[in-house]
Amino acid sequence: MSHEVTVGLEIHQQLNTRKLFCNCPSCLVEEEGATFQRRLRPIQSEEGKIDRAALDQAERKMQFRYQSPSSASCLVEADEEPPHDASSEAIDVALTVAALLGAKPLDEIYFMRKLVIDGSNTTGFQRTAMIALDGFLEVNGRRISIDTLCLEEDAARKVETDGSEITYRLDRLGIPLIEIATAPDMHSPEEVKEVAQRIGSIMRATRKVKRGIGTIREDVNISIPGGARVEIKGVQELRMLPTYVEKEMERQQSLLAIRDILSGRGIEPVAIEVTDLTYLFEGCKSKVITSALKSGGKVMVSRLPGFTGVLRSEDGKLRLGAEMAQYARTKGVRGIFHSDELPAYGIEKQYVDAIRDALKLGPQDAFALCAASAAKAREALKTAVERANGALVGVPEETRDPLPDGSSVYSRPLPGADRMHPETDVLPISVPTDRMENILSNLPELPEIRIERIANDYGIHIQQSTQLVREGWDDVFEEIATDNELAALAARTLTSTLSELEREIDISQLNENILKAAFAGVSSGTFAKEAVPDVLRKMAEGMNIDEAVSELGLSAMSADEAREIVARVIREREDFVREKGKAAIGPLMGPVMAELRGRLDGKAANELLREELQKLLS
Amino acid sequence: MSMLQSIDAAEGDTIRISGDGRDISGVLQPSGEFSHPDVLVVKMDSGYDVGVRITPSMNVNIIAKGEVKTIPSRVPSKGKGLPRVAILGTGGTISSYADQRTGAVHPALSAEDLLNTVPEIADICDVNAEAVFSIFSENMSVDNWQQLAEVTADYLNSGIDGVIILHGTDTMSYTAAALSFMLGDIPKPVIITGAQRSSDRPSSDAYINLYSAAQFILSSDAAEVLVLMHDSPSDTSVAVHRATKVRKMHTSRRDAFQSINISPIAKLGSEGDIAYLESYNQKSNVRVSPRLGMEKDVAFIQYYPGMSPTIFENIIAKNKGVVISGTGLGHVNSELIKPMRKAIESGTVIVMTSQCLSGSVNLNVYSTGRDLLSAGVISGEDMLPETAYVKLMWALGQTDDVVEVRKIMASNLRGELSDRRLMQ
């Protein structure tokens, strides 16, 4: 049976241990520390070959500047000291996750050097080791194979790119990462998210993984029938996974549609020709054109015979032009224009016609245009036309960067097989039977058991505890929920209030500490539980708890003050109260709570209302 | 392993290991020194090496025999017509490659290997590469120093523009000092360089050090035995040190080499810019007349509190020369002075240096110092202990006349002594 889509996942999760090859803490810091500059150089393989991709990078003559904060890095990260023994704590976590996934650990673990010379590793390679093979998990009754589980060091953090110099900070370098690769066993966007959540909750069960944005990153490999494997690398927002998959499916479908249209037209691959048509643009008002010409650039144009209508279709569904522009941008230009989108951007019809005349284009012939320095424009158009020719074949294999809206943008071709050499500075690590037995007899609580326990212990609904565990809020929940009342509030906040808030505002600031602080305010009586959503909203905007409380006017209300408000509400509705008698309590709660604005909790307010009502009626 | 023998598997063969819940295919790798004897190491398709313990219930089959890989030799262009530079290999990290069998770093063997580490050096000079020997610097011997000095002298006398010696860093400064004394006045620079990170890594400092050495030979007018290494953790500049004044001061950093009691002779930036910080001997057409004689019966002793006078006495009695690395201004336990006096009276030459390294020995300040002087101990002044050791071997190798040796030790021959030490 052919599936609509086939997806494999590679999940990278930071561990909350010390670093993998030194005793530095695994944390990101504000400190820059001393800086130094390096270059990296491709090395020969055993066969005497130099890796093409590596050479490519070296030819760009990149220079790397490193910030080495002493609070989170040492000589090891600076590549000024050999690695220490691999952290046995990190290896134990990896072995534990392997056991939870039913994967079989290797008997001896060998760290390798995976060649990476983009500067993100000071050594020019990433240390990585295969820990276990052939695990699986079940999601919705479907078995998903886990091919491999590796332990590796995270790369340095890119701080800035300035021309040919990239600045990295060494705080992230060396943080242990577990990398779990699934087989291409997922076949729907929603399933991808569920598998990722499931793997995430299994890793969190060890209590040794980091939490929060950037601590877990997913590479998603997506293909549709007739399409090709496309890797979207480094997705950080797990909830966005289905969107990335859906949008990639649409993209591949539209590329297949473009292929069919072009093949129906009998289009042949375009010979790459770049023509300098600068002379046609005298007096052109387009900002892009004038600014390029002002700095000595040229307007270069390439023919695309037969491509009209697929660069950008009327309905916007076919967008080969956008793909071509993404390729062109890798050559250092700001973009290209194509004939399906012109006249526009200040390039008026007269210029478009002049181009068509100059290139002798027929009605179905398109063109692409680039205004930049002659050399750059030429390279950009060459790449763009090559990409256009690729559309005759279908979907090109490539690596893409995720964008916040769930779409993605071309970044580079799929890498070839990794260049791996043995890391001779690290001794092989034996996994004796007793070490594995010890791990197996101390396995952490599995997510499904945890879900039941939390529901029972705290008296919350099983659906709530399921959601808490799946979304990784279970730890925070257990810390906050010191009694059943707070438990109910915490469960409601973490499972529904947050997602309600998220629909309105950016809640990425709301981390564990902020949530704990907000609940501390409730349990100490600073404000009522009804005010929690408002407090969190303010804190998401960047206020601290005190600022939020004072901004909302929540600071503690005296009993007298509250009683006065309640009495006033009753007085204002005296007729109604006298008519309804005690039954007025229900209808009055709304106005009372609105007046109290979360400065008193509902139970206490109800009590006051009852008393004041009694006074009036008696 | 008997199983491998029984199936006739050899390193490089593609094998499949199955049974006991495993099914792993890959290329059989050499077992590491530290591997368990029952463990097979295979490289999987993904490039990962994994170690699998073979149990009686498992099967190992050969899927394909390995092919013998030959590394095509890439002899770089020679840069004909450009200035001539000799590159002499001795071994060490700079010309090393990682050996999978031992899992360790090994010295490169051929001259081509050496040159292949930095092919672009042939863009600026006509290179004569020669692997003189191939040993780790900790295994370097006096005989090696002599051989190296002889080869270097021959190159210098052949009219070459400079000699680069690739050397392991551990004993680099000893070799540098030895060459300095043995070669005497030289017409063109001899630059000893190496690497703190092996050249099989993209981050190796080998490339910049070697290329900078060639650049310095071409663009500087200095003609001394020099040590050139990184100046900081950055790849942006290197320091050029006087051979007799330099010491490895860190086990692993790129800028491990420091000039002690003087500044480096020069710093060389990545754009080829040179800043000179000390005076130096200039290039000339002098002919080299190496004086290779070295006395091997010289001991080098670090004094420490609690040192046994008996052991001390035994050592100094058996040697023609002794260099002591004393405390502070140049002291040892006063109980040791008597055996020293005895040894000196019977013809042993004893030189005092300081384990402080920075600063000069001064035997006038304390009574122990004065007692040492009166016993006939020679002050090594601000000579590095290692340099003093090499110099004493050389001095005793030139003459048996103790008075002459004392004179040599007190003279500043190759910049090993400095009479001014500055605030910075």
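The values are calculated or read from the model by the stated rules, or taken from the named source; none is laboratory data. Owing to the predicted nature of the structure, the values given are computational and were not obtained by experimental measurement. Reconstructed Cβ throughout: ideal geometry from the backbone, glycine too, with neighbour counts over all protein chains shown. Heads up: the accessible areas ignore ligands, DNA and RNA and are worked out on the full protein's heavy atoms, side chains in. Shrake-Rupley method; radii C 1.70, N 1.55, O 1.52, S 1.80 Å.
General remarks:
- Unit charges on C-beta of K, R, D, E only; dipole of chain B, Debye: 800 debye
- Computed 3J(HN,Hα) for region B:277-293, one whole-Hz value per residue from the Karplus formula 6.51 cos²θ - 1.76 cosθ + 1.60 where θ = phi - 60°, is 10, 9, 6, 7, 6, 9, 4, 7, 10, 4, 8, 7, 10, x, 10, 8, x, glycine and proline marked x.
- Among the listed pairs A:K580/A:K615; A:K208/B:K43; A:K529/A:K615; A:K285/A:K349, those beyond 18 Å (Cα-Cα): A:K208/B:K43; A:K529/A:K615
- Near A:H3: Cβ cut-off under 13 Å, other residues only, Lys/Arg at +1 and Asp/Glu at -1. The net charge is -2.
- Modelled this way, with points 7 Å down the Cα-to-C-beta line, the labels at B:S411 and A:E250 are 8.9 nm from one another.
- 3J(HN,Hα) along region A:128-136, derived from phi through the Karplus expression 6.51 cos²θ - 1.76 cosθ + 1.60 where θ = phi - 60°, amounts to 8, 9, 7, 9, 7, 10, 6, x, 6 Hz, with x in place of Gly and Pro.
- Based on DSSP H segments of at least four residues, each scored -39500 (n - 2.57), chain A has a per-residue ellipticity at 222 nm of -11500 deg cm²/dmol.
- For region A:503-583, GluC sites (Glu not before Pro) are listed when DSSP marks them as loop and at most 14 other Cβ atoms sit within 10 Å of their Cβ; the list is A:E541.
- Charge dipole magnitude, Cβ of K and R +1, D and E -1 - the protein assembly as shown, Cα centre, debye nearest 20: 1940 debye
- ³J(HN,Hα) computed for each position of region A:368-383 - Karplus, 6.51 cos²θ - 1.76 cosθ + 1.60, integer Hz, glycine/proline x: 10, 10, 9, 10, 5, 4, 3, 5, 5, 4, 4, 4, 5, 5, 4, 5
- Candidates A:P432, A:Q614, A:M62 compared by Cα position along the dipole of chain A: farthest toward the positive end lies A:M62, with charges placed on Cβ.
- Taking the inverse of the mean 1/r over every pair of distinct Cα atoms in region A:447-551 gives a Kirkwood hydrodynamic radius of 13.8 Å.
- Pairwise burial A:B, computed as accessible area of each alone minus the pair, summed, 1.4 Å, Å²: 3900 Å²
- With a cut-off of 11 Å between beta carbons, the residues surrounding A:K538 carry a summed charge of -4, where Lys and Arg count +1 and Asp and Glu -1.
- Unit Cα scatterers, Debye sum, region A:268-391: log10 I(q)/I(0) for q = 0.16, 0.17 Å⁻¹: -0.68, -0.78
- Sites B:K338 and B:M423, calculated FRET efficiency, Cβ-Cβ separation with R0 35 Å, nearest 0.05: 0.35
- Extension gain, A:E314 to A:E160: 0.36 nm times the residue separation minus the Cα-Cα distance gives 51.5 nm.
- In region A:184-254, GluC sites (Glu not before Pro) in a DSSP loop with at most 15 other beta-carbon atoms within 10 Å: A:E237
- Simple point charges give the picture: +1 on the Cβ of Lys and Arg, -1 on the Cβ of Asp and Glu, and for region B:207-354 a dipole about the Cα centre of about 500 debye.
- Applying 1/(1 + (r/R0)^6) with R0 = 35 Å to the Cβ-Cβ distance of A:V393 and A:T275 gives a FRET efficiency near 0.85.
- Shown for region A:169-238: the carbon plus sulfur share of the solvent-accessible area, taken with all protein chains present and a 1.4 angstrom probe, equals 48%.
- Pairwise inverse Cα distances across region B:84-276, averaged and inverted, put the Kirkwood hydrodynamic radius at 16.1 Å.
- Added length on full extension, which subtracts the Cα-Cα distance from 0.36 nm per residue, A:S441 to A:E512: 22.5 nm
- Values of log10 I(q)/I(0), in the order q = 0.10, 0.14, 0.23 Å⁻¹, for region B:298-410 under a Debye, Cα-only, solvent-free model: -0.23, -0.47, -1.39
- Chain B, helix-only ellipticity at 222 nm - DSSP H runs n ≥ 4, -39,500 (n - 2.57), divided by all residues, nearest 500: -7500 deg cm²/dmol
- Per residue, the Cα convex hull of chain A amounts to 229 Å³.
- Straight-distance crosslink candidates among lysines, where the alpha carbon sits under 16 Å from A:K382 and sequence neighbours closer than 8 are dropped: A:K298, A:K331
- Anchor B:K342: lysines whose Cα lies under 22 Å away (excluding residues fewer than 8 positions away in-chain): B:K296, B:K318, B:K320, B:K407
- Residues whose amide H falls under 5 Å from that of B:V323, counting only those 5 or more places apart or on a different chain, are B:A299, B:F300, B:I301, B:V351, with hydrogens built in the peptide plane.
- Between the listed residues B:A213, B:S35, A:F307, the Cα displaced farthest toward the positive end of the dipole of the protein assembly as shown, a dipole computed from Cβ unit charges relative to the Cα centre, is found at B:A213.
- Spin-label pair A:R239-A:E564: with each label point 7 Å from Cα along the Cα-Cβ axis, the two points sit 4.2 nm from one another.
- By the Cα gyration tensor, region A:559-617 has an equivalent ellipsoid whose semi-axes, rounded to whole angstrom, run 17, 11, 10 from largest to smallest.
- Considering only Cα atoms, the convex hull volume of the protein assembly as shown works out to 277 Å³ per residue.
- Note on B:D297 and B:T310: their simple-model spin labels are 2.4 nm apart, each label 7 Å out from Cα toward Cβ.
- Taking only the Cα atoms of chain B, the ratio Rg/Rh comes out at 1.08, with Rh defined as the Kirkwood radius.
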